[in-house]
Amino acid sequence: NKKAFVELLFWKSPATIREMTEGYGSLREGEGAARSRVLPWTPQQEQELRELYWKYKEVEGEDVIAAILAHLPAPGRTRRQVVKQLVRL
């Protein structure tokens, strides 16, 4: 590819560099950018998140997000994902 030098002018992640050197599409599933994909929130999960927020938002001396994470039935959600979804809602 004669224009590959243009790609070298910009900062790259290690996964992107690996793809450039080993060929595009060379990353196996579960590595690099594919690993960081977040599962979308279903309407039922959003409703449960709203209910948990309203339940725990007025509790004094307790971390609201920690309480939500402890009672959230959807496993594998991180604190950051919950906060981001609450802000979006």
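Read the figures in this text as sums done on the coordinates, not as results from a lab. Everything numeric here is computed off the predicted structure, so don't read it as measured data. Reconstructed Cβ throughout: ideal geometry from the backbone, glycine too, with neighbour counts over all protein chains shown.
Things to note:
- Where the alpha-carbon atoms of segment 38-88 are placed on the principal axes, they occupy 31, 19, 17 Å, in descending order.
- Set of lysines near Lys55 by C-alpha distance (under 29 Å), chain-local residues within fewer than 8 positions excluded: Lys84
- Candidate cross-link partners of Lys3 among the lysines, defined by an alpha-carbon separation under 27 Å and a same-chain spacing of 8 or more, comprise Lys12.
- Charge-dipole axis of segment 38-88 as Lys and Arg at +1 and Asp and Glu at -1 on Cβ define it, positive-most pick from Val83, Val38, Trp54: Val38
- Look at the alpha carbon pairs under 8 Å that are at least 6 residues apart: their mean separation over the length of segment 38-88 gives a relative contact order of 33 percent.
- Here segment 38-88 is treated with +1 on each Lys and Arg Cβ and -1 on each Asp and Glu Cβ, and its dipole about the Cα centre works out to around 300 debye.
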